[in-house]
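Participant: Please read through the structure below; I'll follow up with questions.
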Amino acid sequence: MEPSIRSFVAIDLSETVRRQIGALIQELRKSEAQVGWARVEGIHLTLKFLGNVAPELIEEMKPALAREAAKTGPIRIEAAGCGAFPGIQSPRVIWVGLRGEIAPLADLARRLEEALVPFGFAPEARPFKPHLTVGRVKGRARLQALQQMLLAHVGFSAEPFDAAQIVLYKSDLRPDGARYTPLFKTPFSVNPAPADE
Ligand code: 2AM
């Protein structure tokens, strides 16, 4: 039997936005805090994390993903602001936020969840919090400097971009950070069909 594939559904960022977030990461690095910073080319917006999935199931899911994408028009979003989960006082995950057409984005995430239930994926118990993970805290040294840096850059914003497709990614966990490989891309529609069809 072929090994299962750790996978998730995401939206890619434009090259420019990735570069702008890269510049922000360079600033945050100056805190010298113990953070595993994301590789800029791997930063993405997760819509649904799937975990380990059998390769056959991946194939079966593709038409369902394509159907939901086809019910979706382009979504204009902007990477903006930065902070930490669970909170700036006890940072574990460093994120860049999103603003713009968040309601259609959340609607897409909800529809994907519903479309994937028949394939055995339970809906998330936690509310959808769209974010871009840019780093993971590894130790407590220089945390205060990091907190100050985050507060100093809350006004960060990148160029707006139109999300135009969803991507099913494979995630390989490696000691030096995860590597993501696209498995399937499926476009949004210019004239989306009604979502309740
Ligand atoms: P995160 O950025 O908030 O960590 C690949 O791991 C993507 O799936 C990441 O963007 C990650 O979100 C997301 N994800 C959601 N739930 C996850 C989980 N339980 N384990 C790992 N990644 C998860």
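The values are calculated or read from the model by the stated rules, or taken from the named source; none is laboratory data. The shown structure was predicted, so the numbers you read here are calculated from the model rather than taken from an experiment. Neighbour counts run over all protein chains shown; Cβ positions are idealised from the backbone, glycine included. Only protein heavy atoms, including side chains, enter the accessible area calculation; ligands, DNA and RNA are left aside. Shrake-Rupley method; radii C 1.70, N 1.55, O 1.52, S 1.80 Å.
Participant: Got the relative contact order for region 1-65 handy, in percent, Cα pairs under 8 Å and 6 or more residues apart?
Facilitator: Normalised by residue count, the contact order of region 1-65 is 60 percent.
Participant: Please get the size of the charge dipole for region 5-187, origin at its Cα centre, with Cβ charges of +1 on Lys and Arg and -1 on Asp and Glu, quoted in debye to the nearest 20.
Facilitator: Roughly 580 debye, rounded to the nearest 20.
Participant: Could you pull out every one of the lysines with an alpha carbon less than 23 Å from that of LYS62, ignoring same-chain neighbours closer than 8 positions?
Facilitator: Straight-line reach from LYS62, under 23 Å: LYS48, LYS71, LYS170, LYS185.
Participant: Right, next: Determine, for each peptide in 141-148, 156-163, the mean count of other beta carbons within 10 angstrom over its residues, then list the peptides with the highest first.
Facilitator: Order by mean packing, descending: 156-163, 141-148.
Participant: Sum up the charges of everything whose Cβ sits under 12 Å from the Cβ of ARG179, counting Lys and Arg as +1 and Asp and Glu as -1, but leave ARG179 out.
Facilitator: +1
Participant: Sticking with this one: List the GluC sites (Glu not before Pro) within region 30-118 that DSSP assigns to loop and that have no more than 13 neighbouring Cβ atoms inside 10 Å.
Facilitator: GLU32
Participant: For region 171-183, what does the Karplus curve 6.51 cos²θ - 1.76 cosθ + 1.60, with θ = phi - 60°, yield as ³J(HN,Hα) per residue in whole Hz, taken in order and with x for Gly and Pro?
Facilitator: 10, 9, 7, 10, x, 8, x, 6, 10, 10, 10, x, 9
Participant: Got a number for carbon plus sulfur as a percent of region 5-187's accessible area, 1.4 Å probe?
Facilitator: Ligands and nucleic acids excluded, carbon and sulfur reach 52 percent.
Participant: From Cα pairs below 8 angstrom and at least 6 apart in sequence, can you work out the relative contact order of the chain, rounded to a whole percent?
Facilitator: That works out to 35 percent.
Participant: Sticking with this structure for a sec: Helix-derived [θ] at 222 nm for the chain: sum -39500 (n - 2.57) over DSSP H runs of at least 4, divide by residue count, nearest 500?
Facilitator: -9000 deg cm²/dmol
Participant: Tally Lys and Arg at +1 and Asp and Glu at -1 over the other residues with C-beta under 11 Å from the C-beta of ILE102: what net charge comes out?
Facilitator: Local net charge: 0.
Participant: Calculate, in nm to one decimal, what GLN34 and ALA64 gain on full extension: separation in residues at 0.36 nm each, minus their alpha carbon distance.
Facilitator: Between GLN34 and ALA64, full extension yields 6.7 nm more.
Participant: Would you kindly derive the ³J(HN,Hα) couplings of region 26-36 from the backbone phi angles with the Karplus curve 6.51 cos²θ - 1.76 cosθ + 1.60 (θ = phi - 60°), listing them in order in whole Hz, with x for Gly and Pro?
Facilitator: Taking θ as phi minus 60°, the curve returns 4, 5, 5, 4, 5, 5, 6, 6, 7, 10, x Hz for region 26-36.
Participant: Shifting gears a bit: Before I look further, what does the chain give for accessible area per residue, probe 1.4 Å, in whole square angstrom?
Facilitator: About 53 Å² of surface per residue is accessible.
Participant: Charges on Cβ only, +1 for Lys and Arg, -1 for Asp and Glu, centred on the Cα centroid of region 5-187; of ALA115, MET61, PHE128, which one is farthest towards the dipole's positive end?
Facilitator: PHE128
Participant: Once the other residues with Cβ under 12 Å from the Cβ of TYR169 are scored (Lys, Arg +1; Asp, Glu -1), what is the net sum?
Facilitator: Residues close to TYR169 contribute a combined charge of +3.
Participant: Using every Cα-Cα pair within the chain, state what percent have a distance larger than 32 Å.
Facilitator: 17
Participant: Which lysines have a Cα less than 25 Å from the Cα of LYS30, not counting those fewer than 8 places away in the same chain?
Facilitator: Within reach: LYS138.
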